[in-house]
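Shown next, in structure tokens, is the structure this report addresses.
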Amino acid sequence: MSVKKIPMRDGYGKALLELIAANPKVIALDADVAKSTRSGWVKDKFPDNFIDMGIAEQDLAGTAAGLALGGMLPFTSTYAVFMAGRAWDEIRTTICYNNLNVKIAGAHAGISVGPDGATHQALEDVAIMRVLPNMTVVCPCDAEETRKATLAFAKIDGPCYVRFGREAVPVVTDETTPFELGKARLCREGSDVAIIACGAMVYESLEAAKVLADENISAEVIDLHTVKPIDVDAVVAAAKKCGCVVTAEEHQIFGGMGSAVAECLAKNFPAPQEFIAIQDTFGESGQPQELMDAYGLNQSSIVAAAKKVIARK
Amino acid sequence: METAALQKVARRVRFEAVRMIYEGKEGHPGPALSCADIVATLYFDVMNIRPDQPDWEDRDRFILSKGHGCPIWYATLNERGYNNPKVEHFHLRELGSIFQGHPSMHSGVPGIDMTTGSLGNGIAIGAGMAYAAKAHHKDYYTYVICGDGEMQEGVTWEGVNMAKGRGLDNLVVFVDNNGFQSYKTIEFTIGQNNMADRFRAFGWHTQEINGHDVEQIKAAVTIAKATSGSPHAIICRTVKGKGLSYMENNNKWHKGVPTEEQWEITKRELGGE
């Protein structure tokens, strides 16, 4: 059976068009990759609501801050590795310290960006955005969830970061699926192990749960799209119910969603945890799926981690 | 405002800036004094502002990109009536004080349009404000004061490039060209102190003036406002520590606190009327 796949960035572009149609103060800024991030859709349809800042990410972030103070609602986008990395100082001191209403999108995140190699594979962005006070961080699982997250950003005041990949990924939600910032989404109920995932790893986790079910292991799957603020109640409830946790994310093992879950559990309900993530190494060139497999970001790794963590109970 | 009155204001805010550093036992007096005449002229002559309504939507905006010079900004805002009642003791850099070591929009000081401290960012942010003004058909101006040292930051030139490309003629950038940075001179550090050449190369409308002559500062702004199509750079030749004999052109005063003896000199040279 073939699975329907859409790139998450399409959800970002769609949401921008919806937002601008309803509110002309919304303005999209990009750093020369508008075609990739889909902010180019704004340029085509609402050219007055688009600025290409050129290859100048720090300037992009600073100018967005100025625009926000001038009463506009800027949505900035470029590749996550440059958006979160290169402009980190401006995001920290100019945007977050001032709690400015600037929305930030990191595109082409994760190792699945593929052949461009390690220089372009943002594997640290969630960690360095999550550490900033006032910042909301969302790592959606598919195009529709990316759309909803982007729309939700416009409804709250303050800086927000959304990261998404380049590849078309399986569709796991639809228009009717509930989405609330800060509220984890229960995708599948289970009792032996809680798999908490974000981004493209949500689909992999659901597939892993099916494999585990065949072996009489009941896996709960949670889509923890909002990494910050973390849904403490949902994470703790899952750990209490299942007694152990696997986290799965397309990000470095240190500082990302898995770390956020570990912090939450250490404080509230310590439980064994296994981390499916990039294991403290840089990536390399390759085809997206080859890389996901080579770096252990797939359903078979999740299945193995689930068995391992259950044994640690 | 009349030249003599402006000069008086500049002298008073210089004294207050040094006083808050003397009392707080921390701060950057040299960089504050070199831009004192520019800040005073902007707030007392040039800018369209309402001190009793600091968030007035149509106000001219001001960014002190060289945030470490903030004692002069705090003193000028106070002198201009932003604090009601006037602040007597600033408690600069002390725990719990609204007068932070670098200016913050959210520490509670009325009139701070932008937080700074990480050098190089003022022009990019100012360009955003200027762009928003044009998009909303507002006629306010955005004024930025940069240090000459911070022009070594790459983001500065990203902002300069963008502001010219977008024709932001409602953006006026002063460069406080005192020739020093934290460690040594600009010349020593990067081998060139050619601020005006750089802005001209980017196509900015560029003027060079004496940054301690309030008449020249006023005139440069008038010329800038009459010139459309390009953002404006006003390169100000200044003296680090200007106004105090023991501080002028002595880079040890990039950061420092006057001794009791030096405070007595300060009172003699800048105190009173």
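The values are calculated or read from the model by the stated rules, or taken from the named source; none is laboratory data. This structure is a prediction, so every number in the text was calculated from the model and none was measured. Every residue, glycine as well, gets a Cβ built from its backbone with ideal geometry; the counts of neighbours run over all protein chains shown.
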Problem - Pair list, Cβ under 8 Å, 6 or more apart: the stretch B:97-120 residue facing another protein chain (nearest Cβ under 9 Å) and on the phi > 0 side of the Ramachandran plot, other residue surrounded by fewer than 23 Cβ atoms within 10 Å (Cβ to Cβ) and part of a loop (DSSP other than H, G, I, E, B) - result: B:Gly117/B:Gly101; B:Gly117/B:His102; B:Gly120/B:Glu153
Problem - B:Asp197 being out of contact with any Phe, Trp or Tyr (no Cβ under 6 Å at 6 or more places or on another chain), surrounded by fewer than 21 Cβ atoms within 10 Å (Cβ to Cβ), modelled with pLDDT of 95 or more and not aliphatic (A, V, I, L, M) - result: yes
Completion exercise
Given (1) crowded, with 19+ Cβ neighbours inside 10 Å; (2) within 14 Å of chain A (Cβ to nearest Cβ), B:Gly165 misses just (1)
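Where in the stretch A:1-73 are there strands (runs of 3 or more DSSP E), lying wholly inside it, with at least 1 residues that are touching a residue at least 40 places away in the same chain (Cβ under 8 Å) and within 14 Å of chain B (Cβ to nearest Cβ)?
Correct list: A:26-30.
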Exercise for the section: Would you be able to say whether some residue in the stretch A:274-289 is among the acidic types (Asp, Glu) and without any contact (Cβ under 8 Å) to a residue 60 or more places away in the chain? Expected result: yes
Handout entry: Where a residue in the stretch B:261-273 is under 18 Å from B:Glu23 (Cβ atoms) and its partner, wherever it lies, is small (Gly, Ala, Ser) and surrounded by 11 or more Cβ atoms within 10 Å (Cβ to Cβ), with Cβ under 8 Å and at least six apart
Key = B:Ile265/B:Ser245; B:Glu269/B:Gly243; B:Glu269/B:Ser245; B:Leu270/B:Gly243
Fill in the blank from the handout: Flagged in the stretch B:129-154 as surrounded by fewer than 23 Cβ atoms within 10 Å (Cβ to Cβ) and at negative phi, in numbering order, are B:Lys134, B:Ala135, B:His136, B:Lys138, B:Asp139, B:Tyr140, B:Gln152, B:Glu153, B:Gly154
Exercise for the section: Determine, yes or no, whether B:Pro71 is surrounded by 19 or more Cβ atoms within 10 Å (Cβ to Cβ) and within 14 Å of another protein chain (Cβ to nearest Cβ). Expected result: no
Exercise for the section: Determine, yes or no, whether A:Ala118 is away from every other protein chain (no Cβ under 12 Å), surrounded by fewer than 24 Cβ atoms within 10 Å (Cβ to Cβ) and out of contact with any helix residue (DSSP H, G or I) (no Cβ under 8 Å at 6 or more places or on another chain). Expected result: yes
Exercise for the section: Determine if the stretch B:203-210 includes at least one residue that is more than 14 Å from chain A (Cβ to nearest Cβ), under 18 Å from B:Asn251 (Cβ atoms), surrounded by fewer than 20 Cβ atoms within 10 Å (Cβ to Cβ) and not hydroxyl-bearing (Ser, Thr, Tyr). Expected result: no
Completion exercise
The one condition B:Ile123 fails out of (1) within 7 Å of chain A (Cβ to nearest Cβ); (2) out of contact with any Lys or Arg (no Cβ under 7 Å at 6 or more places or on another chain); (3) closer than 15 Å to B:Met162 by Cα is (1)
Handout entry: Number of the exception - B:Tyr131 against (1) away from every other protein chain (no Cβ under 14 Å); (2) more than 17 Å from the chain's Cα centre (by Cα)
Key = (1)
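Would you call B:Gly256 more than 17 Å from B:Thr185 (Cβ to Cβ) and at pLDDT below 95?
Criteria not met by B:Gly256.
Mind telling me which of the residues B:Gly24, B:Gly30 ends up being crowded, with 17+ Cβ neighbours inside 10 Å and more than 18 Å from the chain's Cα centre (by Cα)?
B:Gly24
Within the group A:Ala248, A:Ala260, A:Ala271, which residue is modelled with pLDDT of 95 or more, in a strand (DSSP E or B) and crowded, with 21+ Cβ neighbours inside 10 Å?
A:Ala248
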Problem - Qualifying residue in the stretch A:86-107 (condition: more than 13 Å from chain B (Cβ to nearest Cβ), closer than 25 Å to A:Ile278 by Cα, in contact (Cβ under 8 Å) with a residue 24 or more places away in the chain and assigned to a helix (DSSP H, G or I)) - result: no
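Report yes if some residue within the stretch A:266-273 is of a type in the set (Phe, Trp, Tyr) and over 20 Å from the mean Cα position of the chain (by Cα); otherwise report no.
Pass one, the stretch A:266-273, residues of a type in the set (Phe, Trp, Tyr): A:269.
Still in the list and also over 20 Å from the mean Cα position of the chain (by Cα): A:269.
For the stretch A:266-273, residues of a type in the set (Phe, Trp, Tyr) and over 20 Å from the mean Cα position of the chain (by Cα): present.
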Practice task
Answer with yes or no whether B:Glu187 is closer than 26 Å to A:Arg92 by Cβ and either more than 9 Å from chain A (Cβ to nearest Cβ) or modelled with pLDDT under 95 (or both).
Solution key: no
